[in-house]
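**Q** Starting off with a structure, shown below.
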Amino acid sequence: QVQLVESGGGLVQPGGSLTLSCVASGNSFSFAIMRWYRQAPGKQREVVATISSGGSTDYADSVKGRFTISRDNAKNTLYLQMNSLKPEDTAAYYCNYFRVGNIYWGQGTQVTVSS
(Lines give C-alpha, C1' and ligand atoms only; values in the text may rest on other atoms or scores of the structure.)
Protein backbone atom coordinates (compact mmCIF):
# COMPACT_ATOMS: atom_id res chain seq x y z
CA GLN A 1 0.00 0.00 0.00
CA VAL A 2 1.26 3.45 -0.96
CA GLN A 3 -0.18 6.62 0.48
CA LEU A 4 0.06 9.85 -1.47
CA VAL A 5 -0.43 13.25 0.12
CA GLU A 6 -0.69 16.34 -2.07
CA SER A 7 -0.21 19.92 -0.96
CA GLY A 8 0.38 23.35 -2.43
CA GLY A 9 -2.97 24.19 -3.96
CA GLY A 10 -4.74 27.47 -3.45
CA LEU A 11 -6.17 30.59 -5.02
CA VAL A 12 -3.98 32.42 -7.53
CA GLN A 13 -4.54 35.21 -10.02
CA PRO A 14 -4.29 34.59 -13.76
CA GLY A 15 -0.67 34.67 -14.81
CA GLY A 16 0.49 33.54 -11.40
CA SER A 17 2.40 30.47 -10.30
CA LEU A 18 1.96 27.58 -7.88
CA THR A 19 3.98 24.50 -7.02
CA LEU A 20 2.20 21.32 -6.04
CA SER A 21 3.89 18.57 -4.03
CA CYS A 22 2.99 14.94 -3.51
CA VAL A 23 4.74 12.88 -0.85
CA ALA A 24 4.61 9.11 -1.15
CA SER A 25 4.96 6.54 1.60
CA GLY A 26 7.03 3.40 1.36
CA ASN A 27 10.21 2.61 -0.50
CA SER A 28 9.02 2.01 -4.06
CA PHE A 29 8.52 5.62 -5.17
CA SER A 30 11.69 5.74 -7.25
CA PHE A 31 10.54 2.77 -9.34
CA ALA A 32 7.07 4.13 -10.12
CA ILE A 33 5.68 6.08 -13.03
CA MET A 34 4.15 9.18 -11.49
CA ARG A 35 1.48 11.41 -12.96
CA TRP A 36 -0.48 14.51 -12.16
CA TYR A 37 -4.13 14.48 -13.13
CA ARG A 38 -6.75 17.16 -12.76
CA GLN A 39 -10.52 17.24 -12.71
CA ALA A 40 -12.64 20.33 -13.18
CA PRO A 41 -16.29 20.39 -12.11
CA GLY A 42 -18.45 18.57 -14.61
CA LYS A 43 -15.47 17.27 -16.57
CA GLN A 44 -13.59 14.00 -16.75
CA ARG A 45 -10.30 13.55 -14.96
CA GLU A 46 -7.43 14.18 -17.37
CA VAL A 47 -3.71 13.53 -17.24
CA VAL A 48 -1.65 16.69 -17.01
CA ALA A 49 1.93 15.43 -16.81
CA THR A 50 3.88 12.18 -16.53
CA ILE A 51 7.36 11.38 -15.29
CA SER A 52 8.96 7.98 -15.61
CA SER A 53 11.23 6.33 -13.08
CA GLY A 54 14.12 7.43 -15.27
CA GLY A 55 12.99 11.04 -15.38
CA SER A 56 11.46 11.22 -18.86
CA THR A 57 8.53 13.60 -18.98
CA ASP A 58 5.40 14.13 -21.03
CA TYR A 59 2.74 16.82 -20.91
CA ALA A 60 -0.78 17.48 -22.07
CA ASP A 61 -0.83 19.96 -24.93
CA SER A 62 -2.81 22.40 -22.82
CA VAL A 63 0.04 22.81 -20.29
CA LYS A 64 3.17 22.40 -22.42
CA GLY A 65 5.61 25.21 -21.85
CA ARG A 66 3.82 26.33 -18.66
CA PHE A 67 3.97 23.32 -16.30
CA THR A 68 7.00 21.29 -15.22
CA ILE A 69 6.82 17.89 -13.53
CA SER A 70 9.78 16.70 -11.48
CA ARG A 71 10.62 14.21 -8.76
CA ASP A 72 13.03 13.93 -5.86
CA ASN A 73 13.45 10.24 -5.17
CA ALA A 74 15.50 10.86 -2.05
CA LYS A 75 12.49 12.67 -0.57
CA ASN A 76 9.80 10.44 -2.11
CA THR A 77 8.28 13.61 -3.52
CA LEU A 78 6.66 14.52 -6.82
CA TYR A 79 6.30 18.16 -7.89
CA LEU A 80 4.31 20.15 -10.40
CA GLN A 81 5.55 23.68 -11.06
CA MET A 82 2.73 25.64 -12.67
CA ASN A 83 3.44 28.99 -14.32
CA SER A 84 1.32 31.40 -16.37
CA LEU A 85 -1.81 29.95 -14.83
CA LYS A 86 -5.12 30.45 -16.62
CA PRO A 87 -8.70 30.28 -15.33
CA GLU A 88 -9.13 27.05 -17.30
CA ASP A 89 -6.44 25.45 -15.11
CA THR A 90 -8.89 25.59 -12.21
CA ALA A 91 -9.41 22.02 -10.98
CA ALA A 92 -8.67 19.52 -8.28
CA TYR A 93 -5.19 18.12 -8.91
CA TYR A 94 -4.32 14.54 -8.04
CA CYS A 95 -1.06 12.67 -8.03
CA ASN A 96 -1.04 9.12 -9.28
CA TYR A 97 1.35 6.24 -8.73
CA PHE A 98 1.68 3.35 -11.17
CA ARG A 99 3.97 0.35 -10.82
CA VAL A 100 3.52 -3.27 -11.83
CA GLY A 101 -0.24 -2.91 -12.14
CA ASN A 102 -0.61 -1.20 -8.78
CA ILE A 103 -2.30 2.18 -8.92
CA TYR A 104 -2.70 4.64 -6.07
CA TRP A 105 -4.22 8.10 -5.86
CA GLY A 106 -3.80 11.02 -3.55
CA GLN A 107 -6.74 12.87 -2.04
CA GLY A 108 -6.32 15.88 -4.31
CA THR A 109 -5.51 19.54 -3.85
CA GLN A 110 -7.66 22.36 -5.23
CA VAL A 111 -6.21 24.97 -7.57
CA THR A 112 -8.37 27.98 -8.34
CA VAL A 113 -7.23 30.59 -10.86
CA SER A 114 -9.32 33.72 -10.59
CA SER A 115 -9.02 37.46 -10.32
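**Q** V2 - would you say it is part of a loop (DSSP other than H, G, I, E, B), within 18 Å of T109 (Cα to Cα) and not small (G, A, S)?
**A** So V2 fits the description; yes.
**Q** Is it true that some residue in region 30-45 is among the polar types (S, T, N, Q), open to solvent by less than 60 Å² (accessible area, probe 1.4 Å) and not in a strand (DSSP E or B)?
**A** yes
**Q** While we're here: For region 5-29, how many residues meet the condition of being open to solvent by 30 Å² or more (accessible area, probe 1.4 Å), outside any strand (DSSP E or B) and over 23 Å from S62 (Cβ atoms)?
**A** 3
**Q** Further question on the same structure: Do any residues in region 1-30 that are of a type in the set (F, W, Y) have Cβ atoms under 7 Å from those of residues that are surrounded by 12 or more Cβ atoms within 10 Å (Cβ to Cβ), where the two are at least six apart or on different chains, and which pairs are they?
**A** Sorted first by the residue in region 1-30, then by its partner, the pairs are F29/N73; F29/N76.
**Q** Does at least one position in region 99-107 carry a residue that is surrounded by 14 or more Cβ atoms within 10 Å (Cβ to Cβ), closer than 18 Å to S7 by Cα, at pLDDT 95 or above and among the polar types (S, T, N, Q)?
**A** Scanning region 99-107 turns up no residue that is surrounded by 14 or more Cβ atoms within 10 Å (Cβ to Cβ), closer than 18 Å to S7 by Cα, at pLDDT 95 or above and among the polar types (S, T, N, Q).
**Q** Which of the residues spanning region 84-106 are assigned to a strand (DSSP E or B) and either within 23 Å of Q13 (Cα to Cα) or in contact with a strand residue (DSSP E or B) (Cβ under 8 Å, 6 or more places away or on another chain) (or both)?
**A** Those that are assigned to a strand (DSSP E or B) and either within 23 Å of Q13 (Cα to Cα) or in contact with a strand residue (DSSP E or B) (Cβ under 8 Å, 6 or more places away or on another chain) (or both): A91, A92, Y93, Y94, C95, N96, Y97, F98, R99, I103, Y104, W105.
**Q** So for region 71-90 (the condition being over 10 Å from the mean Cα position of the chain (by Cα), surrounded by 13 or more Cβ atoms within 10 Å (Cβ to Cβ), on the phi > 0 side of the Ramachandran plot and modelled with pLDDT of 95 or more), does at least one residue qualify?
**A** Yes, that holds for at least one residue.
The values are calculated or read from the model by the stated rules, or taken from the named source; none is laboratory data. As the structure is a prediction and not an experimental result, all values here were calculated from the model. Glycine gets a Cβ as well: all are built from the backbone with ideal geometry, and neighbour counts include every protein chain shown. These area figures cover heavy atoms from the full protein model, side chains too; ligands, DNA and RNA do not enter into them. Shrake-Rupley method; radii C 1.70, N 1.55, O 1.52, S 1.80 Å.
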